[in-house]
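Shown next, in structure tokens, is the structure this report addresses.
The values are calculated or read from the model by the stated rules, or taken from the named source; none is laboratory data. Given the structure is predicted, the values throughout are model-derived calculations rather than measurements. Quick reminder, even Gly has a Cβ in these numbers, built from the backbone with ideal geometry, and neighbours come from all protein chains shown.
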Amino acid sequence: MNNSQDRAAAERSGCPPADRIAERNGRIMTTDHSSVFRDHTLTVLVETELVQCYRLGKPGTGIDSVQLTFTPAGIAIQGDWTPGHYGVVSARNYTARWLARSSGPYLCSKFYVHRFVPAEAIAGLSDPVAAGLVDPDDDDAAAIAEALQQAGREFADGDFGYEGLMERVQAIGLSEPYELWQGYDPADADRLAAIQQAFCRLWRAHMAKSGQKENSG
């Protein structure tokens, strides 16, 4: 099964499309990790009224496994293949049913906070006109664009950090640089998308097989 077939299967199951989760600032991250979970199964570790815990994994190995725990305090995603170094925890009061039905920036917002994303800054500064940072009709557009590109290259090379970049682009002419390039880490967002999609597919199949209603999770 290829990635297009994976997405078609997900749409038939009623799960939100996972490979378009991280839409920010007019850009869409398109890393598709769905193949990671192609052979995974869902194992019930705990399933009570207050707490549910499930393992997504390939039989006989812990490689690329994910554990999802749902409590009144929120959702904990842990395991071998997770967003971040050691996993991620959601805001309070979100359930298995909610996770199965959520996607996009809304899903990200319950696990992450907006922050400066260096990759977004580097990408935007590589073509300031296309990124809307420079008015092409400005008499000094070419000079401003070149100065911003240079700042982006120096930032990418590690010549200065976040504050240095803000000072540089503000001096060049960007009036509110601290509002730019805020979002969710694209790698974490893409991984969260893939986990959500796999959980949606496998959890819904489990609920149907066990005769449970989705609103009980």
Of the residues in the stretch 162-217, those that are surrounded by fewer than 17 Cβ atoms within 10 Å (Cβ to Cβ), closer than 26 Å to Gly152 by Cβ, free of Cβ contacts under 8 Å to residues at least 24 places away in the same chain and not aromatic (Phe, Trp, Tyr) number 8
Quickly run through the stretch 40-57 and pick out the residues that are touching a Phe, Trp or Tyr at 6+ places or on another chain (Cβ under 8 Å) and β-branched (Val, Ile, Thr). Thr43, Val44, Val51
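When you look at Arg12, is it exposed (fewer than 15 other Cβ atoms within 10 Å of the Cβ), at pLDDT below 95, among the basic types (Lys, Arg) and not assigned by TED's automatic domain parsing to the domain that holds Gly132, yes or no?
When the stated conditions are applied, Arg12 passes them.
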Matching option when the condition is part of a helix (DSSP H, G or I), surrounded by fewer than 19 Cβ atoms within 10 Å (Cβ to Cβ), small (Gly, Ala, Ser) and within 26 Å of the chain's Cα centre (by Cα), among Ala100, Ala123: Ala123
Do we find that Ala156 is modelled with pLDDT of 90 or more and not assigned by TED's automatic domain parsing to the domain that holds Gly124 in this structure? no
